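S.K.: Can you read through this structure? Questions will come right after.
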Amino acid sequence: MREIEAARHVKGMSREELLSLPAAVDLETGNRALGLGRSKGYELAKRGAYPCKVLRLGNTYRVVTADLLQLLGLAA
């Protein structure tokens, strides 16, 4: 049972998970897809240095999925 729980918390996402994402995702999901930690992802987004397009909506960051997929080489 612990092995299943541990597998769910592994960084990264499968190809199927990536291709099923909505048009924009929260920064945590973008970080997970890129294998970035929470602090590093937020630091890059604040500096405008995130590796793909990020939208700032109030206090929230949203990662544009099309840019994320293109960066990962999964764009259609």
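S.K.: Nothing charged except the Cβ atoms of Lys and Arg (+1) and of Asp and Glu (-1): what's the magnitude of the dipole of the range 2-71 about its Cα centre? Round to the nearest 20 debye.
M.R.: Working: 12 positive and 8 negative charges, 59 e Å.
Its charge dipole is roughly 280 debye.
S.K.: Normalised by the residues of the range 2-71, what does the relative contact order come to in percent, with Cα pairs under 8 Å and at least six apart? Don't jump to the answer; show the numbers that get you there.
M.R.: Details: 64 pairs, mean separation 23.1, N = 70.
Once divided by the residue count of the range 2-71, the mean separation gives 33 percent.
S.K.: Where Lys and Arg each count +1 and Asp and Glu each count -1, what net charge lies around LEU57 among other residues with Cβ under 15 Å from its Cβ? Mind showing how you got there, number by number?
M.R.: Numbers: positive: LYS46, LYS53, ARG56, ARG62; negative: ASP26, GLU28.
Neighbourhood net charge equals +2.
Here, each number is a calculation from the coordinates, and none is a lab measurement. What you see is a predicted model; the values in this text were computed from it and never measured. Neighbour counts run over all protein chains shown; Cβ positions are idealised from the backbone, glycine included.
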